[in-house]
Each structure stands twice: as structure tokens, then as C-alpha cells.
Amino acid sequence: MSIEEKDLPFDEKIIINKWSHKNMTIEDYKKLHEKTIANIEEFWSSIAKELDWFKPWDKPLVADPQPPFYKWFAGGKLNASYLTLDKHVASWRKNKVAYIWEGEPVDSKGNPTEVRRLTYYDLYREVNRLAYAMKTKLGLRKGDTITIYMPMIPELPIVMLAAARLGVIFSVVFSGFSATALADRINDAKSRVIFTADGFWRRGKQVRLKEVVDEAIKSAPSIEKVVVYRRLGINDVPMTQGRDQWWSDLLSDVPVNAYIEPEHVESEHPLYILYTSGTTGKPKGIVHDTGGYLTELHATMKWVFDIKDDDVYWCVADIGWVTGHSYIVFGPLLEGATIVMYEGAPDYPAPDRWWQIIERYGVNVYYTTPTAIRTFMKFGDEWISKHDLSTVRLMHSVGEPINPEAWRWAWKWIGRNEIPFGSTWWMTETGGILVSHVPGWGLIPLKPGTNGMPIPGVDADVVDDEGKSIQGKRGYLIIKKPWPGMPLTIWGDPSRFVNVYFSKFPGVFYAGDWAIKDDDGYIWVLGRADEVIKVAGHRLGTYEIESALISHKAVAEAAVVGVPDQVKGEVPVAFVVLRSGNAPSDELRKELRVWVRQVVGPIAEPSNIIFVSKLPKTRSGKIMRRLVRQVVMNQPLGDATTLEDETSIDEAKKAYDELRKEIGST
Ligand code: 6R9
């Protein structure tokens, strides 16, 4: 839901009186913030010192070989698995619960039938056992790459942590992606091993995963071994002799107390690759380092989430996306937090499942999404009002802009109109939160719908086309100085890294988002300035959906645009030109929707497909998606001087109007 400039309630400020210990005025915040960015090396070093390093760094920040390629804490050595596990196991936290996991299935009374509590010691043991098997049986070594395609079960972080222990670089692929998408990601990372499961529960149904992996491997020849965790216990899972192995068999003879010395990796050693969508081309493998990334997570866990040892913390994301990597796995484990993890759908068996979870475990710190909030608003207040959510003392949302109505609803029903509640802006590329309210550092007044301000140590701004800082007007969000969670590069494509992020405004990071900095200096991120869309918070490239459509035998050309949706924020709508010999029909429309689900994944399915005979293009043949979007939005076209054939717009309009009438939607 993009927020129009005119709708921004710039003057509305809410002071959280109950947050007396660290309230701050806007002026004080800005003054202190200035100091933190004046010397980023010194500032971030003071944070990094709070982690345990095997070897201290020689220099806090080194360009290597030149900007924008940086090494944070160069010369330093550490290990992510050591910091998230061994360190706690050597302390009083040894028997503290790390994960409270709830499976989706419920009994006849609606109570969950599977709840697992894993202490730090449990996790430590499982990670060591798996690392042992990875090393001795699968021959995995520091610098190797593996792919993980697993549902929301504790074994997913266990694989991530075991890999990190060995310095093995992992790439998690969201379990909702299709075989084709999975194969692309395996091939790009050249993984030798893939970890998966037989399946998982979603909305009362079993979703099978192993078959998807088998399909992907047909076109991903680097895979030598497949390790399958039995989550569902289904019997007819296809297993290929010599290649596929059950997790339980792999670990059957590994002693309970197996111990693997954590690899002392360089600060800049890649911890993981995470594929994300961009404007064109295949998804980009964003590479995060170890030392800088963990430093940023440590800082944001304290500042943004104000995490305390007696908190129960819940981030509702899926670990397949960056939010889960940073704020279900590495961030909260680094702090020794107790983390809730839920397998299934928010509305199963009834629309109050999430509220039950908050109540059941007494969640104190809650990290949620605008789409979820809007979905619950639609279900009606009666579902939330019957639950005691009074344990929640702090909350944030992430993934897309939050409209003030959704903010107000959540703040009232979950936040009792009294707790800090922000919308944290960041991206796969940034590693951690960069623009936010920081109640653990200094809380400025809240404004419903805003993202807050750049966090300490982060020099973010909004600029015009010339790169000049602007206020009160829409511009581009940029980060002017390096920050520790920044990507190392794009896996296998360093020049693309420079082109995509550091060329629009040379030397500074271009996020690709529209934003406004208001008169108080608060940042409002409005949405993407490129061909990326956020569907229910999931990041997709319209290009990926177009490629999927074009790969269908009936399709000649396709243009996909994101259009606002009341609940999901945005949904993809496709304009399709058919190859000769194919006629538009409802069956074909349906077939194409299913096709996109299969090629990319269910989240990419277009909400509408409109058949046209031509697409609006420039004289040089480039599809003008901006105009297509204006048609769908029923808005004036704006500058259309480069449009080659105006009848293409008239036709698109007519076709879309007809479809609208047919389905009776807006
Ligand atoms: C963490 C995550 C990144 C894109 C980003 C922006 C949008 C994320 C937001 C937000 C407004 C927020 N975005 N958080 N927009 N307010 N609080 O979502 O990473 O999947 O890489 O998406 O999401 O458009 O550029 P990722």
C-alpha cells in the first residue's frame, strides 16, 4: 500500500510515556547520532568489541581492493556458531531455552500437538553432531557451499549453525520456491550438498518438499548428496540410492557428545549467500560476511528490540528470507534470547492462532509484518480481543510500508496504545535494520507509518536525481558511508554489485526505494523505485514473473506490474501477448497462473492476467511498465512522449476495464 505524499501525517507525534528510561527528544537524538557517524570506524569498533573474537582485528575498516568492497574488522577472527552457542553454554544460559518451537497441527480442542523446547545446550549438541557428520561423512570444508531447502523447524537453524561452525557457506532457499527457482540458486552457488525435509504442515495440509528437490536436481548437477529430515514421517518419499540419505541415518552413529572445534574464520569470511530479486536478470546472491554482520545484529538486537534475558522474543518471518536469518537465527541467538518459532499458517485452525501463541508463551518482544496485521484486521476484532496480550512490551513491523490505519489497529490491540512500535526499514542487502526507532538506545516520539531515523552509526539520507539531500519531497533512499552489515559482494558477480548499488550515485549505496525525509528528519519509505515488488512482504522481481510467463509455449511477451492491494500491499498483474495460433480464454488464463506457481512459486502467481495484442513500448522496443501500471491504477499517464504506439495503451485500458467488470473488483 503505497502512501501518497499528501497523506503523510507529518505532524502527528506520540510520546511513549511508559518508556521513561530511554526517551529522547528529536534534537538530542540527532546530536548523538551525528557523533556516531562522525567516526564510524571508532563507533562500530566499540560495538564489535562486545563480541568474543578469537583474534582481534588489525583495522576496523579496509577497502579491498577498492570501495565499495570493504573488509570490516580486517585481520580479526571469530565464529558465528561459537558466539551463538559455545559462549552461552559456558555461562548460566546453558540450560536456558533457546527455541520454543510450535508445529502447526492441533488437537480437537485447538491445542498444538507438537511443542519442542530446545535449550542452548540442546542446540549446541545438535549443531556439534551435525557439524561432525558434515565434516567426517560429507567431507564439507571451510569455503564449500551448501543449499538448505527446509521448512520452519528447529533443524533449519541447526544446519545453518553447523555450517557456520565449519566455515561452510550456506544458501537457504525459501521452501515456497519452485524446483526451477531452487535449481537456479543451487547452480549459481555450485552447492555439493542440499539439506531438506520430507515436508511440512501448512493450513492443515502436508506440503511435500523432497519431490521438489528431486525435480531441481535434474538440472542442478553439482549436487552430490541430499540429506532429508523426517518432519512429516510420510512413507513414500522417493530416495535415490547413494545420493540421498535420511538425517537420522547420517547421525545414527555420531556420539551425543560429539564436539567439533569451531573454525576460526576471518571476519570477512562469507557466512551465507541469500538470493534476492532485482530489476532484471537472475536473482542476485547477496553475500554477507561474519564479523561485520554479527556486529550489526548485536547492535540492533539491543537498540531496536531492547532485548533482555528474561524476554520471550518472537519474529514471525520465515527463515527463508533475510528477516529470519538475521532476527530468528543469528541476532537473537547471539544475545542468548528465548525465541518462539512457529511452523504454520497464522490463521490455522482459526484466525487467532498467533494471538494464542503470544498468550501461551507470554511473548514480550514481537516482530511482525504489515500484511499480517491487515489480514487480522479483516478477520475482525473479536479474534484478538479474547486474548491476553499484555506481556508484549515492545513491537516492530518489517517488510513493506505500514499504513497508519494498520499501525493504529496493531498498536491498540497488541500495544494497548502504550508501547514502542516502529516500522524497521532494511533489506537483504543491508544485513540488519538501518532505519528504525531504537527504544533500547533512545526513543524519539512515534509517528504512525514512519520508519523512524537512521540508527546510530548509519548515515542514511534521501536525495533527488542529482544526489542532493532533500526534505519534505519524495527522493531516493541512500546510505552514504559503509556499515558493518553491508554485503561483501554479489556471489560470482562483483561488477554487478558495483553497478546495481554503487553507480546511480557513485560511491554511495542506492537502496532502490522511494522515501521522504520529513521536516523532523523522520524517514518514510514509500516503496520500490525499480521493478521489484513486495507481495505480502515477499520480495519478487516482476522480471522473474515475466520470464516464467514467456517460458510458456503460448506466450510471446509479458509485462508484469505490482498494483496496490488492501491486504498484501502489492500483487502482480500480468499483461500477456499470445503467440499466433493461441486464443485468449479463461482456461489459458488459469493455466498461466498455475504455470507461474510452478516455475517461480505460489507467491508469484499473478492476481490477474490480461490478454492484449501488443504492449506499450518505447521506440527502441523497451516495455514501458510505468505506463502499464498507470493503466491498472486508473491514473494519468504522465510523460508518454517516448511511447511508440498509443493504441497499445487504449487496448490495455479497455482489456483491463472489461476484466474489472467481469470480476467485479476495483
Ligand atoms: C527486510 C526485508 C527489502 C525491501 C526494501 C523496501 C521494503 C522493508 C520496510 C520496507 C517500508 C519498511 N521494506 N522494510 N518498506 N517500510 N519497514 O524486507 O528485506 O526482502 O530484501 O526487501 O522491502 O522496499 O527495499 P527484503
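Please treat every number below as a calculation from the coordinates, not as lab data. As the structure is a computational prediction, the values presented were derived from the model and not from experiment. Virtual Cβ from ideal backbone geometry, glycine too; neighbours counted across all protein chains shown.
Can you show me the helix-derived [θ] at 222 nm for the chain, built from DSSP H runs with n ≥ 4 at -39,500 (n - 2.57) apiece and divided by the number of residues, rounded to the nearest 500.
Values: 18 runs with 184 residues, N = 666.
Per the formula, -8000 deg cm²/dmol.
Sparsely packed loop sites in segment 559-613 (the trypsin sites (Lys or Arg not before Pro) outside DSSP H, G, I, E and B with at most 12 other Cβ atoms within 10 Å) comprise R579. Bridgeable aspartates and glutamates around K109 (alpha carbons under 15 Å apart, same-chain partners fewer than 8 residues away excluded): D352. For segment 386-464, the list of GluC sites (Glu not before Pro) that fall in a loop by DSSP and count at most 15 other C-beta atoms within 10 angstrom reads E418. The string of couplings for segment 214-231 from the Karplus curve (6.51, -1.76, 1.60, θ = phi - 60°) is 4, 4, 5, 5, 3, 10, 9, x, 5, 5, 9, 9, 10, 10, 10, 8, 8, 8 Hz, one whole number per residue in order, with x for Gly and Pro. The string of couplings for segment 438-454 from the Karplus curve (6.51, -1.76, 1.60, θ = phi - 60°) is 10, x, x, 10, x, 9, 8, x, 7, 10, x, x, 8, 9, x, 10, x Hz, one whole number per residue in order, with x for Gly and Pro. Here the contact order of segment 373-480, divided by its residue count and restricted to Cα pairs under 8 Å and six or more residues apart, works out to 19 percent. Rg and Dmax over the alpha-carbon atoms of the chain stand at 24.4, 72 Å. Near I444, the amide H atoms lying under 5 Å from its own belong to M24, V438; only residues 5 or more places off or on other chains count, and H is placed 1.01 Å from N. For K225, a cut-off of 16 angstrom between C-alpha atoms picks up these lysines, skipping any fewer than 8 places away in its own chain: K135, K137, K190, K210.
Taking 12 Å as the straight-line reach from the Cα of K553, the aspartates and glutamates in range (excluding those fewer than 8 positions away in the same chain) are E591.
Take every Cα pair under 8 Å in the chain that's 6+ residues apart, average their separations, divide by the length, and report that relative contact order as a whole percent. Intermediate results must be reported in sequence, preceding the final value.
Details: 1453 pairs, mean separation 91.7, N = 666.
After rounding, I find 14 percent.
Scanning residues 5 or more positions from G452 or on other chains, those with amide H under 5 Å from its amide H are I523, with H placed 1.01 Å from N in the peptide plane. Taking GluC sites (Glu not before Pro) across segment 212-291, the ones in a DSSP loop with at most 16 further Cβ atoms lying within 10 angstrom of their Cβ are E224. Distances between placed amide hydrogens fall under 5 Å for R528 paired with W514, all partners being 5 or more residues away or on another chain.
Relative contact order for segment 227-316 using alpha-carbon pairs under 8 Å, separation at least 6, rounded to a whole percent? Don't jump to the answer; show the numbers that get you there.
Working: 59 pairs, mean separation 15.9, N = 90.
Normalised by residue count, the contact order of segment 227-316 is 18 percent.
Note on segment 547-666: along the principal axes its Cα atoms extend 38, 36, 25 Å, ordered by decreasing extent.
Karplus-based coupling profile of segment 205-211, in residue order and whole Hz: 10, 7, 9, 8, 10, 4, 4, with θ = phi - 60° in 6.51 cos²θ - 1.76 cosθ + 1.60 and x standing for Gly or Pro.
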